[in-house]
1. Within segment A:189-201, identify whether any single residue is in contact with a strand residue (DSSP E or B) (Cβ under 9 Å, 6 or more places away or on another chain) and without any contact (Cβ under 8 Å) to a residue 12 or more places away in the chain, and answer yes or no.
2. Looking at segment A:1-84, what helices (runs of 4 or more DSSP H) fall wholly within it and have at least 1 residues that are within 23 Å of residue A:195 (Cα to Cα)?
3. Considering only segment A:574-585, I want to know if a residue exists there that is within 14 Å of chain B (Cβ to nearest Cβ) and surrounded by fewer than 22 Cβ atoms within 10 Å (Cβ to Cβ).
4. When you scan segment B:155-173, how many residues do you find that are more than 9 Å from chain A (Cβ to nearest Cβ), surrounded by fewer than 18 Cβ atoms within 10 Å (Cβ to Cβ) and more than 21 Å from residue A:176 (Cβ to Cβ)?
5. Just checking, does segment A:423-431 include any residue being under 22 Å from residue A:579 (Cβ atoms) and under 27 Å from the mean Cα position of the chain (by Cα)?
6. Can you tell me which residues in segment B:103-139 are more than 11 Å from chain A (Cβ to nearest Cβ) and either surrounded by fewer than 17 Cβ atoms within 10 Å (Cβ to Cβ) or in a loop (DSSP other than H, G, I, E, B) (or both)?
7. Take segment A:543-566 and flag every residue that is part of a loop (DSSP other than H, G, I, E, B), over 35 Å from the mean Cα position of the chain (by Cα) and surrounded by fewer than 19 Cβ atoms within 10 Å (Cβ to Cβ).
8. Please count how many residues of segment B:53-74 are more than 9 Å from every other protein chain (Cβ to nearest Cβ) and touching a helix residue (DSSP H, G or I) at 6+ places or on another chain (Cβ under 6 Å).
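Each value in this text was obtained by applying a stated rule to the coordinates, not by laboratory testing. If you're wondering where the values come from, they're calculated on a predicted model, not measured in any experiment. Glycine gets a Cβ as well: all are built from the backbone with ideal geometry, and neighbour counts include every protein chain shown.
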């Protein structure tokens, strides 16, 4: 080993190089500044290493980005650790760079001859923000996508070149495939290269002048030992954060059609709130979101000249520094507090989390080449729910969907089950059955004497006992899911009794297998396969086909009647919403 | 050694180095700049007429959010018949009003208001009345109305995107 090292040394003089690197004199002193600097560099190192590792599994296209990040986070061995370290190093880099600047301002690190090092330190924070913004898009999830859309539009507000700049960043007028590849190129090549050059340049200036005035020369080796300890502490802390959060967050795949309550990254929350102060017109908004932060950065960049002998530092340095720090914290606090008490926001947030969890479950089976959004959009369970919300929940209630106060149709929990039918035929006009809709008072109870029947007039209930009522309910509820399917229940005697009652006594008004309705009222529905998937599908597509209800079902005189959906939903969507509604009425989910 | 010729030679070397650098870098820079700028050069394209739902599926006075299904091209990807946008439709007799769901402020999706009869943007709290007029919040203009017509009982909408954040409605390509 020694021989090999000597052989290489003879040809490269690496020993001399290493020795001069360790022994070269640096200006010591300002331990906090150098510890903060080392922490920033350590984070950058972790980001570079984990970044390259992530690149071995990441595929930047709208179809594959989310799926590949999901794969890293949930499937690849130790993937969550690598991604978690990358994510937490990025967050920490931002905090540490800000602290570094604050310390520099307090310790007068900007004074001659350190102005350039001071500007480079400010630029570190700027690059950290740029890396955070570009990196946040790469998972192509809801949070990153929507935040970039909004930020792109804010760039577009800039007078003159705004629109062009926005199109340059997004790769066109919409955030699509080229926006992702551009952000990716910036994130993994352009910005890190700038970052590295900047750190090296800063290093060589500090080697020459030290962090603050008054330091004495020490050999680099002494500083190096301390730096290594600091870096190790940073790495351990990043592992702790990763373990605590178990990786990094991943929301559901970006969906441009969703009602997502977009919020920026946490370090941009102060600007998010500040924007509201400047909300009177696009020019003002551009000021709040771009010129104010630019002015703050400019002020700190000019500190070497602002802080002059004779001017009190309390006014030139400390007051602005604390104003920015406290102002930013207060603005972010106001924004978070408002969201925490905003019911509509919390509801959309909960919806987003629900879809995110479902997307991860779905992706466990693998994502088709059409991509993760396609997977989420066409999953029967998720699609059924969103179809129900969009088309059914304005009148019906099912579980936590639909507003009971605005409902004008039956509640669909347990709809079509034995219990539901037994309760419904006893009291059809109850609000959870037909009481709120056009069929109110149209169906008599099977066992309660009608109120409008004059006393003394003879009246026979349609079922003579609770057993008969139970038989009717059991028979109706246990018919097959599709025509021709065998009944689901096995008690043949009860089913036969129920069917006999239905075909003998209900067909005065109803149809059963196409026969009945002796009074030609044209209102009561077909009872064969009532509540089955086939019946539901037919009802959703068109309630007036005689398969369920009849021509009167769409009569304008029937106020608030159920509309037909076969003209605005595809047959596949009608099938999904029918299956979903029926499954969820029974407390099940779709496979 | 005499001074003159050495200075001359240095000057000549400088000229050669600078010329070489400019020619080499320039030859690379021109196509590189064109390459980077190209995707940003989107013209002001017109709208696309897209069939949506049956007129009878819309209830008078109740806005309905409808997805627009058509072919979607994104750089090298062509997706056949996907949901590429959405509109709010409001029936008024035999005519239909349509608004883009994209908030004219900064581009989030506008939802029905949870508290009133109109529309609301969940990102920066812009609110609009049921006719799409701006009520409060930072939006610089009303919701973007889209042209509609009814063909054989089906509502057809001219789908179009507009620049966000400006008081006037500027179509985007």
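1. Within segment A:189-201 (the criterion being in contact with a strand residue (DSSP E or B) (Cβ under 9 Å, 6 or more places away or on another chain) and without any contact (Cβ under 8 Å) to a residue 12 or more places away in the chain), the answer is no, since none of the residues qualifies.
2. Those helices (runs of 4 or more DSSP H) span A:14-23, A:31-55.
3. Checking segment A:574-585: not a single residue is within 14 Å of chain B (Cβ to nearest Cβ) and surrounded by fewer than 22 Cβ atoms within 10 Å (Cβ to Cβ).
4. 4
5. No: zero hits.
6. Selection gives B:116, B:117, B:118, B:129, B:130, B:131, B:132, B:133, B:135.
7. Result: A:544, A:545, A:546, A:555, A:556, A:557, A:558, A:559, A:560.
8. 0
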